[in-house]
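Q: I am attaching a structure below and will ask some questions about it afterwards.
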Amino acid sequence: MTCRSLHTLLHTLIDYAGLFPPAKLSMEAALALYAKYHETTHAWMLGRFVVPVARLDELLRSMQLVGSPYDRAWHLSALVGEDAAGDVAAVLAFNQAKHQASVDALEVKAVSVDQIRDLARVVPSGMKTYVEIPIDGDPRPLIEALAAARLRAKMRTGGVVPEAIPPADQVARFLRACYTASVPFKATAGLHHPVRAEYALTYDPDSPRAIMHGFLNVFLASVFHYNGITHRDTMDILAAQSLDDIVMDDEKIAWREYVVTVAEVSTIRRRQAVAFGSCSFTDPVDDLVKLGLLEK
C-alpha cells in the first residue's frame, strides 16, 4: 500500500497531455486512454485532461464516442493560443453550455511583464491560469508580475530534443522564485519518469537520448522549500539519480536535515507545486511500480 506521504505528494499530480508530442495521439485515442486510466488502481494520481481551446469542439464529438469515466464532468486544462481574448470567450461559452466536460484551468505563454499584464485583463479572475514563461534568464521579474496579477507560473522541463531540457540550475531558480513570490506552478514536458536518468526522448526506435529531469526530483525539491532548502541542496536533489536516501512514510518525507509532515506536503501541493503535464500516464506509473513505490 502506498504510504500517506507519497500518496499526498502524487495525488492528482499528472495532467494527461496525450494529444501532444511525443505521444501525439488522436483526440479519440487520447480520450479513450484518459477514460481507461480513471478505472485503474492509480487513478488518484490523474489530474486534468489537457486540450487546446481550438480543439474543444473536436473533444465534444469524440467524447460522445468514448463516454465519460465518471458521473461528474471531466476537468480540462485548456491551452490558449495567440488570440487570448477570443480563446477565453470560447472557453466561457463552452462552460456555460454545461457539457460533460468543464474547463477549470487555462495555460498560456508570455515572455514579458507587459504580456502578463495584458493577460491579467483578459482571463477570468476565478480561473486557474498557468502562464508558461522562459526560464533561461532570471525569471523573478516575470514571476513577480504573475504574483501581482494573481496568475500562476508554468515551466517547460523538456522536449523531444536534448536542447529542450533546461539545466538543473534554471529549474532550481524557477522553484525558488515561485516559492519566494508564493506563486503556484506546474511543469510540462520531459517529466515522464520519476527519477533523473538517461532516457529516450520519443517513442521512436531511433529516438535521441538525454539526461531527463525526474518528476520526483522536481517536486521533492519544491516540497523541501517549506523547510528553507538551500540552493546547493536543491541542486543536489535535482541532480540525484537515486532517491534511496529519501525517507517516505505515513507521517513525513525526510532528506538530510529537511523534514516535511504529510500536512505540510498537502499544503505545498495545494498552494505551490500543483501538477505536471505528461503525454503518458503509464510511463510514470510503471516506473514508480518498478521502484517499489507503488503496488502493481
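The values are calculated or read from the model by the stated rules, or taken from the named source; none is laboratory data. Quantities reported herein were computed from a predicted structural model and do not represent experimental measurements. Cβ placement follows ideal geometry from the backbone for every residue including glycine, while neighbour counts extend to all protein chains displayed.
Q: Regarding region 59-66, can at least one residue be identified that is in contact with a helix residue (DSSP H, G or I) (Cβ under 8 Å, 6 or more places away or on another chain), free of Cβ contacts under 8 Å to residues at least 40 places away in the same chain and among the β-branched types (Val, Ile, Thr)?
A: Yes, region 59-66 has at least one match.
Q: Moving to a separate point now. Have a look at 187, 147, 172 and point out the one that is assigned to a strand (DSSP E or B), among the hydrophobic types (A, V, I, L, M, F, W, C) and within 23 Å of residue 228 (Cα to Cα). Spell out the reasoning first.
A: Values: 147 fails: assigned to a strand (DSSP E or B); 172 fails: assigned to a strand (DSSP E or B).
One residue alone meets the criteria, 187.
Q: Let me ask something else about it. Would it be correct to say that residue 213 is surrounded by fewer than 20 Cβ atoms within 10 Å (Cβ to Cβ) and either among the aliphatic types (A, V, I, L, M) or in contact (Cβ under 8 Å) with a residue 24 or more places away in the chain (or both)? Spell out the reasoning first.
A: Details: surrounded by fewer than 20 Cβ atoms within 10 Å (Cβ to Cβ): no; either among the aliphatic types (A, V, I, L, M) or in contact (Cβ under 8 Å) with a residue 24 or more places away in the chain (or both): yes.
For residue 213, the condition - surrounded by fewer than 20 Cβ atoms within 10 Å (Cβ to Cβ) and either among the aliphatic types (A, V, I, L, M) or in contact (Cβ under 8 Å) with a residue 24 or more places away in the chain (or both) - is not met.
Q: Check region 105-120 and report whether any residue there is over 23 Å from the mean Cα position of the chain (by Cα) and over 29 Å from residue 172 (Cα atoms).
A: Scanning region 105-120, I find no residue that is over 23 Å from the mean Cα position of the chain (by Cα) and over 29 Å from residue 172 (Cα atoms), so the answer is no.
Q: Quick one: in region 82-104, of everything that is farther than 21 Å from residue 31 by Cβ and assigned to a loop (DSSP other than H, G, I, E, B), which residue is farthest from the chain's Cα centre (by Cα)?
A: If we take residues in region 82-104 being farther than 21 Å from residue 31 by Cβ and assigned to a loop (DSSP other than H, G, I, E, B), then 83 is farthest from the chain's Cα centre (by Cα).
Q: Which one of 177, 200, 210, 145 is under 22 Å from residue 13 (Cα atoms) and aliphatic (A, V, I, L, M)? Walk me through it before giving the result.
A: Details: 200 fails: under 22 Å from residue 13 (Cα atoms); 210 fails: under 22 Å from residue 13 (Cα atoms); 145 fails: under 22 Å from residue 13 (Cα atoms).
The conditions single out 177.
Here's the yes/no breakdown for (1) surrounded by fewer than 22 Cβ atoms within 10 Å (Cβ to Cβ); (2) in contact with an Asp or Glu (Cβ under 7 Å, 6 or more places away or on another chain); (3) at positive phi:
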site	(1), (2), (3)
100	yes, no, no
117	yes, no, no
125	yes, no, no
142	no, no, no
154	no, yes, no
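Q: Considering each of 253, 237 in turn, give the residue that is modelled with pLDDT of 95 or more, under 21 Å from residue 289 (Cβ atoms) and either assigned to a loop (DSSP other than H, G, I, E, B) or not basic (Lys, Arg) (or both). It would help to see each step written out before you state the result.
A: Working: 237 fails: under 21 Å from residue 289 (Cβ atoms).
Answer to the check: 253.
Q: Looking at 265, 289, 260, which is the one that is part of a strand (DSSP E or B) and either farther than 16 Å from residue 9 by Cβ or of a type in the set (A, V, I, L, M) (or both)?
A: Working: 265 fails: part of a strand (DSSP E or B); 289 fails: part of a strand (DSSP E or B).
After ruling out the rest, the residue left standing is 260.
Q: Take residue 83 and tell me if it is charged (D, E, K, R) and in contact with a strand residue (DSSP E or B) (Cβ under 8 Å, 6 or more places away or on another chain).
A: Numbers: charged (D, E, K, R): yes; in contact with a strand residue (DSSP E or B) (Cβ under 8 Å, 6 or more places away or on another chain): no.
It is false that residue 83 is charged (D, E, K, R) and in contact with a strand residue (DSSP E or B) (Cβ under 8 Å, 6 or more places away or on another chain).
Q: Being under 15 Å from residue 189 (Cα atoms) and of a type in the set (Gly, Ala, Ser) narrows it down to one of 207, 242, 278, so name that one.
A: Details: 207 fails: under 15 Å from residue 189 (Cα atoms); 242 fails: under 15 Å from residue 189 (Cα atoms).
Residue meeting the stated conditions: 278.
Q: Confirm whether residue 230 is of a type in the set (S, T, N, Q), farther than 24 Å from residue 285 by Cβ and touching a helix residue (DSSP H, G or I) at 6+ places or on another chain (Cβ under 7 Å).
A: On the way: of a type in the set (S, T, N, Q): yes; farther than 24 Å from residue 285 by Cβ: yes; touching a helix residue (DSSP H, G or I) at 6+ places or on another chain (Cβ under 7 Å): no.
No; evaluated as a whole, the condition is false for this residue.
Q: Taking the condition within 11 Å of residue 195 (Cβ to Cβ) and in contact (Cβ under 8 Å) with a residue 24 or more places away in the chain, does residue 227 pass?
A: Working: within 11 Å of residue 195 (Cβ to Cβ): no; in contact (Cβ under 8 Å) with a residue 24 or more places away in the chain: yes.
So residue 227 does not fit the description; no.
Q: Here's another thing I want to ask about it. I'd like the residue in region 14-36 that is surrounded by fewer than 22 Cβ atoms within 10 Å (Cβ to Cβ) and touching a helix residue (DSSP H, G or I) at 6+ places or on another chain (Cβ under 6 Å) and, out of all such residues, is farthest from residue 275 (Cα to Cα).
A: This residue is 28.
Q: Is there a residue being touching a helix residue (DSSP H, G or I) at 6+ places or on another chain (Cβ under 6 Å) and hydroxyl-bearing (Ser, Thr, Tyr) anywhere in region 70-84?
A: No: region 70-84 contains no residue that is touching a helix residue (DSSP H, G or I) at 6+ places or on another chain (Cβ under 6 Å) and hydroxyl-bearing (Ser, Thr, Tyr).
Q: Oh, and also: Which is surrounded by fewer than 17 Cβ atoms within 10 Å (Cβ to Cβ) and either without any contact (Cβ under 8 Å) to a residue 12 or more places away in the chain or not aromatic (Phe, Trp, Tyr) (or both), of 189, 200, 221?
A: 200
Q: Out of region 232-245, which residues are more than 22 Å from the chain's Cα centre (by Cα) and either closer than 19 Å to residue 172 by Cα or in contact (Cβ under 8 Å) with a residue 24 or more places away in the chain (or both)?
A: Answer for region 232-245, where residues must be more than 22 Å from the chain's Cα centre (by Cα) and either closer than 19 Å to residue 172 by Cα or in contact (Cβ under 8 Å) with a residue 24 or more places away in the chain (or both): 232, 233.
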